[in-house]
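Q: One structure, as structure tokens, below. Some questions next.
The values are calculated or read from the model by the stated rules, or taken from the named source; none is laboratory data. Nothing here was measured: the structure is a model prediction, and the numbers come from that model. Every residue, glycine among them, receives a Cβ derived from its backbone with ideal geometry; neighbour counts consider all protein chains shown.
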Amino acid sequence: MTAQDSVTRLQERFANSILKAGEFRGENSLSIKIESVREIARFCRDELGFDYLLDISSLDHFGGDPRFEMVYELYSMADGVHLRLKAVVPGEDNPVAPSVSDLWPTADWHEREVFDMMGIRFEGHPDLRRILMWEGYPFYPLRKDFPLEGKPSDVPEVAFTEAAPLAGGPFVTIPTDGITEVREPRARRAGDPLSPDKFLAES
């Protein structure tokens, strides 16, 4: 089955849920209604052979309405066919999309990343929590209104946003006349035979 065959079958089966079909440089995309995501995704998996979820991502159309959009990249291992599904997500203040983590287990972490970075919640996700930022972080770094320099977000005893001190830091090498093993950070463990203090004392 080709990608165009899949598009044709989806258009016939879900005529009222498909808003737009497009092709660019051999890639086929379908814009669908957000409330039909699960039904169409299940059909793609079970009937069209899209057994591999390559990726889930999100878009921020800042200033537009609706603002957010989900993008699903599907692939058929048997046919070598790629298909993209796109669905706008209503609600700028509290965007919610259906989870497909029960259809493709790999969606679990993809959806957690979208939630963490963009603030889109996934209804039905079994463990929706942050995956990159710490729990309690109040912002969504991939939104277009998030400044490149970041925002102050001090959380006592959890994290801070000030520049970390480099002198003596765990990832900073120490200038010595020693070999690389002496200079690298792992050599700084207490009692390590390659510690800089030991090297300097013996030199």
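Q: Sort out which residues of the stretch 73-88 are in contact with a helix residue (DSSP H, G or I) (Cβ under 7 Å, 6 or more places away or on another chain) and not aliphatic (A, V, I, L, M), and write them in order of number. Reasoning before the result, please.
A: From the stretch 73-88, those in contact with a helix residue (DSSP H, G or I) (Cβ under 7 Å, 6 or more places away or on another chain) are 74, 81-83, 85, 87-88; that's our starting set.
Matches in the stretch 73-88: H82 only.
Q: For R67, are the conditions met, namely being within 28 Å of F139 (Cβ to Cβ) and over 16 Å from the mean Cα position of the chain (by Cα)? Working first, answer last.
A: Values: within 28 Å of F139 (Cβ to Cβ): yes; over 16 Å from the mean Cα position of the chain (by Cα): yes.
Against the criterion (within 28 Å of F139 (Cβ to Cβ) and over 16 Å from the mean Cα position of the chain (by Cα)), R67 qualifies.
Okay, residues lined up against (1) surrounded by fewer than 20 Cβ atoms within 10 Å (Cβ to Cβ); (2) part of a helix (DSSP H, G or I):
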{"position": "S36", "(1), (2)": "yes, yes"}
{"position": "I40", "(1), (2)": "no, yes"}
{"position": "R45", "(1), (2)": "yes, yes"}
{"position": "D55", "(1), (2)": "yes, no"}
{"position": "S58", "(1), (2)": "no, no"}
{"position": "G64", "(1), (2)": "yes, no"}
{"position": "Y72", "(1), (2)": "no, no"}
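Q: Another question, if that's okay. Tell me, which residue of the stretch 6-34 that is among the small types (G, A, S) and touching a residue at least 24 places away in the same chain (Cβ under 8 Å) is surrounded by the fewest Cβ atoms within 10 Å (Cβ to Cβ)?
A: Out of the qualifying residues, it is S31.
Q: Considering only the stretch 74-97, state which residues are modelled with pLDDT of 95 or more, closer than 22 Å to K20 by Cβ and not in a strand (DSSP E or B).
A: Scanning the stretch 74-97 gives a single hit, P95.
Q: How do the helices (runs of 4 or more DSSP H) wholly within the stretch 98-203 filter down when requiring 3 or more residues that are at pLDDT 75 or above, of a type in the set (D, E, K, R) and within 30 Å of the chain's Cα centre (by Cα): which remain?
A: Here the list reads 107-118.
Q: Go through (1) under 16 Å from I34 (Cα atoms); (2) small (G, A, S); (3) surrounded by fewer than 17 Cβ atoms within 10 Å (Cβ to Cβ) one by one and return the number of the condition A78 breaks.
A: Looking at each condition in turn, A78 falls short on (1).
Q: Quick one: what pairs do we get from the stretch 114-130, first residue free of Cβ contacts under 8 Å to residues at least 60 places away in the same chain, second part of a strand (DSSP E or B) and aromatic (F, W, Y), C-beta under 8 Å, 6+ apart or different chains?
A: Close Cβ pairs (under 8 Å, with a partner that is part of a strand (DSSP E or B) and aromatic (F, W, Y)) amount to V114/F122; F115/F122; L128/F122.
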